[in-house]
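Contents: one structure, followed by commentary.
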């Protein structure tokens with residue numbers, strides 16, 4: 001393992017990714033460096049992470065991260081931390097560091113970053129990376145106004161808007177982290193472009 005000092009990451013938000021159809025971007029914030037690491041994830045991973053971080057706990061069946069977490073707990077295995085240790089060819093690589101309450105050997109588990117983050121959130125374990133990774137891929141977010149769901153106009157049909165206006169509205173939805181509304185606008189744009197009726 002590198003001797004480079006580690007920096008802490010926290011899950012900032014998940015937004016719809018307009019440049020990769022059907023995908024989302026998980027933004028992991030590094031407060032120490034004032035930057036965010038964008039990790040592209042699929043829709044299922046986005047839903048899983050949204051469920052973990054939401055106040056809604058009434059889930060009819062356990063998700064995969066729930067099952068993995070409870071298996072580990074059943075065998076007295078603790079999740080100590082997650083480390084995003086490298087970024088190669090556009091892919092983040094992560095380790096889950098575990099230890100046993102029974103004093104058994106500590107184990108490092110290779111993992112997809114989205115799964116590692118989900119388990120870290122479930123176990124309330126810290127997430128780390130190296131400063132050079134943040135420097136390599138980190139972005140600075142522009143300030144955006146707080147999202148107020150009371151003023152959300154997602155129920156309003158946009159039939160009077162042209163495609164460029166819809167695109168502008170979609171980008172604005174992304175900027176305020178309303179990825180559900182952005183996805184709806186993306187679908188409307190696709191329907192317009194393919195000639196289907198709204």
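Please enumerate the residues belonging to the stretch 171-182 that are surrounded by fewer than 19 Cβ atoms within 10 Å (Cβ to Cβ) and at pLDDT 70 or above.
Hits for the stretch 171-182 are 171, 172, 180.
Is it the case that residue 53 is closer than 23 Å to residue 98 by Cα, in the same structural domain as residue 90 (by TED's automatic domain parsing) and modelled with pLDDT of 80 or more?
Taking the combined requirement at face value, the residue does not satisfy it.
So that you can scan it fast, the table gives a plain yes or no per residue for (1) farther than 29 Å from residue 63 by Cβ; (2) modelled with pLDDT of 70 or more; (3) in the same structural domain as residue 188 (by TED's automatic domain parsing):
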position	(1), (2), (3)
96	no, yes, no
110	no, yes, no
116	no, yes, no
128	no, yes, no
153	yes, no, yes
169	yes, yes, yes
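Does residue 134 meet the test of being modelled with pLDDT of 95 or more and closer than 30 Å to residue 6 by Cβ?
For residue 134, the condition - modelled with pLDDT of 95 or more and closer than 30 Å to residue 6 by Cβ - is met.
Surrounded by fewer than 19 Cβ atoms within 10 Å (Cβ to Cβ) and more than 20 Å from residue 41 (Cβ to Cβ), is that true of residue 86?
no
The values are calculated or read from the model by the stated rules, or taken from the named source; none is laboratory data. If you're wondering where the values come from, they're calculated on a predicted model, not measured in any experiment. Methodologically, a virtual Cβ is constructed for each residue, glycine included, from the backbone with ideal geometry; neighbour enumeration extends over all protein chains shown.
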